[in-house]
Amino acid sequence: MTGSPARTLLLWCPDWPVLAAEIVDGVSATGPVAVLHANRVVACSERARAEGVRRGLRKREAQGRCPQLTVVEYDPGRDARAFEPVVAAVEELVAGVEVVRPGACAVAARGPSRYLGGEEAAAERIIEHVAQSCLVESQVGIADGVFAAGLAARAGRVVAPGGTPEFLAGLPVEALGRSALADLLRRLGVRTLGDFAALPAGDVLARFGFDGALAHRLAAGRDHRPLAVRQPPADLTVTSEHDEPIDRVDAAAFVARALAEQLHERLAGHGLACTRLGIEAVTEHGQELHRVWRHDGLLTAAAIADRVRWQLDGWLSGSNGRAGARAARPTAGIIRLRLVPDGVIAQAGLQAGLWGETGEERERAHRALSRVQGILGPEAVVTAVLGGGRSPADQVRLVPWGDERLTARPEAPPWPGRLPPPAPAVVLPSPLAATVHDAAGEPVVISARLAVSAAPARLVVGTGQPAEIVGWAGPWPVDERWWAPAEARRRARFQVSLADGAALLLAVESGQWLVEAIYD
C-alpha cells in the first residue's frame, strides 16, 4: 500500500466496563470495582488500582489485595448499550463515527478540525459535549491512523502530522495488545515498538506469521485501515404535542389521521413500510399508555390511522370489550401522542396477490379482529399454525392475530416418533380414559420392549358401550425428557378403526389407555 494513514480523532472513555456497570446496574464506580471475565480481571476502577488490583489478576488474588472489592461479571452487551448515548453525542457534532469497541470511537479528524477551529479545539469541544450530554469523562487522541490515535488518547495527546512513527517508537511492545507476541519479543530482546519496527518486514513475516506482520506495520505507524463509519439509525418516530388535552374520541380521530400520514411519508422517504406499530400516549397527569399493533402485511397510511383511532377510542372510552364492564380510563386527557414503527421492512418486501388485494371480506374481518385486539390486547385474538412436534397437540401453535405465521419448513427432517399422516381432525383438549381388551376379554398390555400382549379387539371409552376394533396400527413409541426424571414421559400410540367407521388415536402411558384424537 502507498500513502499515509488518515488523520484520526479517537475518543476514549477510561475504565468503560466499570462505568457501564455503574450506568446500567448502579454499581458505584468511585469505589473499588473489578470487572471479571473467565475469573480474571479485565477492567478495574481507579480506587481498585490504588489498592493493587491490576488487569489479568485472578479473582482470589484481586480480592486478597482489596478485601472490599466489588466484583462485576463482564457483559459486552451491557457495555455496548451504555456506550450508544456517547456515540450519539459525538454524532451530534461530527459525522462518520466508527465504534472501535465499547468505550472508544473514532472519526476522521479533517472535518471536525476545519469546522471547529483546529484539531485541539475539536478535541476539547467533543470532550465537553460528551461530558455535558452523558456525564461521562473521556479523553481524545489525534494521530495518523486509528491505532496510533488510540494510544494517543490514553495520554490525551495530539500527535503532529507525520510524527506518528516517532511517537510510537518509544512505547513498549505491550501497546500492540498482543500479549503472546509481546512476551516473545521481550524474550528476544525487542522491548519497544521502535525496535520492532526496525526489523526487516520479510523476516517478521517468516518468523511471526501474518498477524505478526500486521503488528509490525502498526508499530511502524503504517496503519492504512480506513475508518468503518457507521450509519446513524434514522429516527422514524413521529410525535404530536397538544396544549389542550384530548379527551374526546372525535378529536383523537382527527389527530390520528394527521399523525398517521406523517409517519407513512417518513417511512416512504426511507423506502420502508411498517409491519408492527407502537402507539404511546402521555396524559396531562403524566400517566403513560402503550400498545403494540401487529399486521401480517404492509400498514398503509389509512391502516395506521385506523389502528391509532381504535386504540385511542379504547383508551378514552375505557372499554375492555366485555358486556357491561368498563376498564379504567386515563386519569386525564392526552397531551402527547407518539407513533413508533417497531417493525419495518423494505417496501418491496411484501406485495399483493396476483389480481390485486385479497378482497373486501378479508379486509373487513381483519379490521374487526384488529379492533378487538386493540381493546383486549394482542394475545386476545389468536390463530392456529402448524409446526413441529410428535403429538397432534404439539404440532399446533397459537399465534396472535397479525403476527408472522411461520410454519414448519417442508425440508426440515421429521421429528423422531412423529405420527404418520393423515393428521387427526379433532384433538381432544383432555384425553379420555379408555380400556382395550383382546378377543378373549383380557386387557391388552404393552411391555417395556413395546411388545403387544394380544391383538386389540374391543374398546371401551369411559363408561360407554364396548366398540369392536376392526383394524389397528402401531405402536409408535415416544420417550421424552428422559434426562429429567421429574419431567420424563414415556408412552406408545396406536391408530385404531372401529366397526362403526370411526377412527381414533390411542395412547398407552403408565399402563393406562387414553383417547387423544379423532380422525375424520
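Quick notes on this structure:
- Annotation: per residue accessible area for the stretch 29-120 equals 53 Å², rounded to a whole number [probe 1.4 Å, protein chains only].
- Charge sum, other residues only, whose C-beta stays under 9 Å from A454's C-beta, Lys/Arg counted +1 and Asp/Glu -1: -2
- A cut-off under 9 angstrom between Cβ atoms defines the neighbours of N39, and their net charge, with Lys, Arg +1 and Asp, Glu -1, is +4.
- Per-peptide average of other Cβ atoms within 10 Å, ordering 176-187, 255-266 highest first: 255-266, 176-187
- Using the Cβ of L506 as centre and a radius below 14 Å, the other residues enclosed give a net charge of +1, where K and R count +1 and D and E count -1.
- Gyration tensor verdict on the stretch 53-178 (Cα atoms; rounded if a/c is under 1.5, prolate if a/b is larger than b/c, oblate otherwise): oblate
- Gyration tensor verdict on the stretch 119-181 (Cα atoms; rounded if a/c is under 1.5, prolate if a/b is larger than b/c, oblate otherwise): oblate
The values are calculated or read from the model by the stated rules, or taken from the named source; none is laboratory data. Values in this document were obtained by computation on a predicted structure and should not be read as measured data. Virtual Cβ from ideal backbone geometry, glycine too; neighbours counted across all protein chains shown. The protein model used for the area step is the full one, side chains on, heavy atoms only, and it has no ligands, DNA or RNA in it. Shrake-Rupley method; radii C 1.70, N 1.55, O 1.52, S 1.80 Å.
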